[in-house]
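Have a look at the structure below before the remarks.
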Amino acid sequence: MGFLFFGKRKEKNEQSKKYNLGLKKTRTGLLGRLKQVLTGYNSVTEDLFDDLTDIFIMADVGVETTLNFIEELKSDERVKDCKTASELQPIIVDKMFDLYLKGEIVNNNLNVQKEGLSVFLFVGVNGVGKTTTIAKIAYRLKKEGKKVLLAAGDTFRAGAVDQLEEWAKRVGVDIVIKKGATDPSSVIFDAIKRAKEGKYDVLLCDTAGRLQNKAGLMAELAKMNKVIEREVPNAPHETLLVIDATTGQNGLSQAEAFMEVTNVTGVILTKLDGTSKGGIVLAIKDKYNLPIKMVGLGEKMEDLEYFDLENYINSLFDEEEDE
Amino acid sequence: MPLETLSDKIQMSLRRLTGRGRLNENDIDTAMREIRVALLEADVNYKIVKEFIADIKEQALGERVMKSLTPGDQVIKIVYEELVKLMGEEASPINLKKSGTSIILMCGLQGSGKTTHTAKLANHLRKYNNMKPLMIAADVYRPAAVNQLVQLGKQLDIDVFEMGIMAKPQVIVKKGLEYAKEHNNNLVIIDTAGRLQIDEVLMQELVDIKEIAHPDEIMLTIDAMTGQDAVNVASTFHEKLGVTGCLLTKLDSDTRGGAALSIRYLTHIPIKFTGVGEKLDQLEVFHPERMAKRILGMGDVLGLIEKATENIDETDAMKLNERLQKGIFTYDDFLDQIKMIKRMGSLKGLLGMIPGIGSQIRNMEIDEKQFTYIEVAISSMTKYERKHPDEVATSHSRKMRIAKGSGRPYQEINNLTKRFEDMKKQMIAMAGMSEEDMQKAARNGNMPIRAGKPKKGKGKNKGGFRF
C-alpha cells in the first residue's frame, strides 16, 4: 500500500493493543458494520453503494467527502471487475488510505526541536478536552526526558486554571499561572520568559475553548499566536486543534476557522474511547490536509496514543469480537 | 463550510424549473436529493433523513406543489411543517414541584457543558421562577470541577454544597439534600461528572444518585455540535436513567444542530433549554419551531419579538409612538431607541434572527461599536441641537464642532445628519400606518427601518454610520 509510518513505535505491540481496545467500540459500534454490509450482498449493486454511503455518514465522515468517495469508488476500474461484494473490501481499504495519504508521507510526530525551546499551542472549541490533552502530552514528553512547562492560558472559564494546576501536580511538571490575569497573551508572554530562563525543552500553552464563529475570541487567539511568534523563532512549533470524536459536520467549520487565525499543524482527536467515530477528521484531512497526530482514549494521563492510520482503518474492518 | 441554507438550496433547485410548466417527479427527486444532503450536513441522523425524505416526497408530489406557481415555497413549507412536527409542536416546560423541593439531576458526556449549565439553570430558575437554588458539586473526578462550580456559585451568589473530591458522589448528594432542607432551598441542581454512556460503573453511579434524590427532572446536556452519535448517547442515557429533558448546549456556534431533531425524533425526549453563550444568563427556553427554522436557515422572528418585549418598556414605546404621530422625532428619541436595542443584546444576534438575513451575516463581522459612535456623536450635540435636527443638518460649523467634540470624522457626522432625516421620515410614516399597511410593506421588502447591509471586514467605519 506504499505506506510509511512515523512516530514512536517502541511499545508498538502494547500500544496497538490499547489502541484496538479503545477502538473496539468503534469497530463493533459503527464502521464495523461495513463488513456486515459487504457480506450481506451477493453482487455489487446500487443499493450496496447506498448502504456504504450510510455507513460513512453514520461515522460522521463529512457528507461531501463521503459522496465523493463513493462516486470514485463506483468508477474505479477494479470495482467494475468485482463479481462479489466482499471483493470490494480491499479496494475500499486501499482507497481510504489514498483518501488520507493522497500519495504523500504523513508525518504525525510532534515537532520537538533538538535544541532550544519548542512551543506548542492548543486550540479548539469548548469542552473538547484541551486541558486534559495537555496533561497527557506533558506526561508523555516528561517520560521521554523532556523538561516541560505548562502555561495556564485559559483565563476565562471558571476553574480552568485550577484544573491545569492539578494536572501539573499529578504529572509532576511546572506551570505558569498569573492570578487574576484576564489577558491570556500576557500569561503566554510570562510563560515564554520563564521557559527561556529555566531552559525548558517544551512549553505547552493551554487556551480557553472558543467557538469558531466568535470573532472577538478568535482575535484574542490570533494575538496569543503573535506573541509566541514574536518571542520564539519559528514558534509555535505545533498548533494542535483538539477535536471531540462526537463532533459532527461542524468539525469542518472548526478546522477552517482555526486555520485562519493560527497555523494549525495537526489534529488531536479526543474521546475516541466512546461510541463516536470521529470520522469528521477524515474529511478534515481530505479538505484541509490537516493530519491527525494523536488520539485520546480515556481520562488517565497515559490514555493518549499516536494516531495510526493502519490500525484505524484495519480495525474498522475487523470481525466483531464478543467479549 | 456550506453556508447556503437548506431553504436556499430548495429554492435554487426548484427555481431552475420554474417557467417550464408543470413539475414532474424527476424535478421533485432533484429537490429531495438537495434536502437529503442538507439535512445530513446539518447532522440529522441518516435514518431519520431517509424516513423524512420519503414522507416529504409523497407530500411534494401532491397537487399543492405540482400546480403551484411557487413550488420552492411550497416545498419549504412542507419541510418546515414536518420539521416542527418531528421536533414536538410545543415547548416543553421544566418539571418542578408545586410545593416542596424540586430536584434536577444533570448528566451527559464529558465536555458537554454540565457544570456551566448547572449554574445557568440555577440562575434562570431563580430569576424567572423565583426559586432559591442550591447546587451540589458531585463531580469528584475531573480535576477542579468542584472548584469550578464553587466559583460559578460565587459569581451568581448561589449556594454550592461540596465535600471536596474524597467523598463518594452518592454520599455528597445525600448530604447535599439534607443541607437544602436545613437551608430552605426549594430547588436543588446536582452537577455530575461527565461520563461515556457505555461506562457501566459510572452509569450505575447515576442510577444510585437517581434513587437517592428522586429528581423531578433528569436533564441530559448535549453539545449542539454532536454528529450522528447523538442518538446513541441520548438513547443509552435514557434507557438507564429515564431522561426527562434535554439541554442543548453551544447553540451559539454555527452548527445547524440537527442532532436536536434526531434526539427528539428517536427518543422522544423533549428538548427544554438551549445554551447560547458563555455568559451565565445565556440560557433560553427551547422552542421547536425556532429550531426547525434554524435547520432550514429561516431566521427566528419569534425570538426577536420575545427579546423585544422583554427589554422594551411599553410606556416608553407608547410615548415615542405618540410623538411620532405628531411628527416629532429628535436625536433624544433616537438615543433612547439605541439604548433599547443595546439592551436586547448584540446586534449580530438580533440581525441573525431576521429571516433572510441570518445566513448572510453568519460569518460576517459586524461592528458593534457603530451604536457607540452614534451615541458619542449625539452626546456631543447641545440640548438645543438634539431637539432641532434640521439645524444640525444645515450648519457646517455645528457639524464641525460635533465632529471635534466626539472625535469622529466630519464625514461621519455629516452622514449621520443626512440619514437621520431619512429615518425620521420613515419613522413618522410608519407610526401613521395601520398594521395591515405595515405587513404589506414588510412583505414588499421596504420596511421603513432598514437593517442595513453589514459590510465585511474589520476596518474602521469609513462609510459612516449604518443603521
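The values are calculated or read from the model by the stated rules, or taken from the named source; none is laboratory data. Quick caveat, the model's predicted, so the values are computed rather than measured. So basically every Cβ, Gly included, is an ideal-geometry build from the backbone, and we count neighbours across all protein chains shown.
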* List the pairs whose first member sits in the stretch A:44-66 and is within 10 Å of chain B (Cβ to nearest Cβ), whose second member is surrounded by fewer than 24 Cβ atoms within 10 Å (Cβ to Cβ) and among the polar types (S, T, N, Q), and whose Cβ atoms are under 9 Å apart, counting only residues at least 6 apart or on separate chains? -> A:Phe56/A:Thr65; A:Thr66/A:Thr53
* Please give the helices (runs of 4 or more DSSP H) falling wholly within the stretch B:20-88 in which 2 or more residues are more than 19 Å from A:Asp47 (Cα to Cα), modelled with pLDDT under 85 and more than 13 Å from chain A (Cβ to nearest Cβ). => B:25-41, B:63-66, B:71-87
* Is there a residue being closer than 26 Å to B:Tyr46 by Cα, out of contact with any Phe, Trp or Tyr (no Cβ under 6 Å at 6 or more places or on another chain) and either touching a residue at least 60 places away in the same chain (Cβ under 8 Å) or crowded, with 20+ Cβ neighbours inside 10 Å (or both) anywhere in the stretch A:225-238? -> no
* **Of residues in the stretch A:247-265 being hydroxyl-bearing (Ser, Thr, Tyr) and at the interface with another protein chain (Cβ under 8 Å from one of its Cβ atoms), the one farthest from the chain's Cα centre (by Cα)** => A:Ser253
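Which helices (runs of 4 or more DSSP H) does the stretch B:103-217 wholly contain that include 2 or more residues that are under 23 Å from B:Asp229 (Cα atoms)? Break it down stepwise before answering.
Working: elements: B:114-129, B:145-156, B:169-182, B:200-213.
The helices (runs of 4 or more DSSP H) meeting that bar are B:114-129, B:200-213.
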* To do: Among the residues of the stretch B:134-188, write down those that are surrounded by 22 or more Cβ atoms within 10 Å (Cβ to Cβ), away from chain A (no Cβ under 14 Å) and closer than 26 Å to A:Ala168 by Cα.
  => B:Ala138, B:Pro169
* Asked: Within the stretch A:173-184, is there a residue that is in contact (Cβ under 8 Å) with a residue 60 or more places away in the chain and in contact with a Phe, Trp or Tyr (Cβ under 9 Å, 6 or more places away or on another chain)?
  -> no
* Asked: Conditions: (1) within 14 Å of another protein chain (Cβ to nearest Cβ); (2) in contact with a Phe, Trp or Tyr (Cβ under 9 Å, 6 or more places away or on another chain). A:Leu211 meets all but one. Number of the miss?
  -> (2)
* Asked: If the Cβ limit is 6 Å and pairs must be 6+ apart or interchain, which residue in the stretch A:137-158 that is part of a helix (DSSP H, G or I) pairs with which residue that is surrounded by fewer than 20 Cβ atoms within 10 Å (Cβ to Cβ)?
  -> A:Tyr139/A:Met301
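Identify, please: which residue in the stretch A:163-208 is in a helix (DSSP H, G or I) and aromatic (Phe, Trp, Tyr) and is, among those, nearest to A:Gln113 (Cα to Cα)?
Going through the qualifying residues, I end up with A:Phe189.
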* Structure fact -> Checked B:Lys250, B:Lys293 against criteria (farther than 20 Å from A:Gly209 by Cα and in contact (Cβ under 8 Å) with a residue 40 or more places away in the chain); the one match is B:Lys293
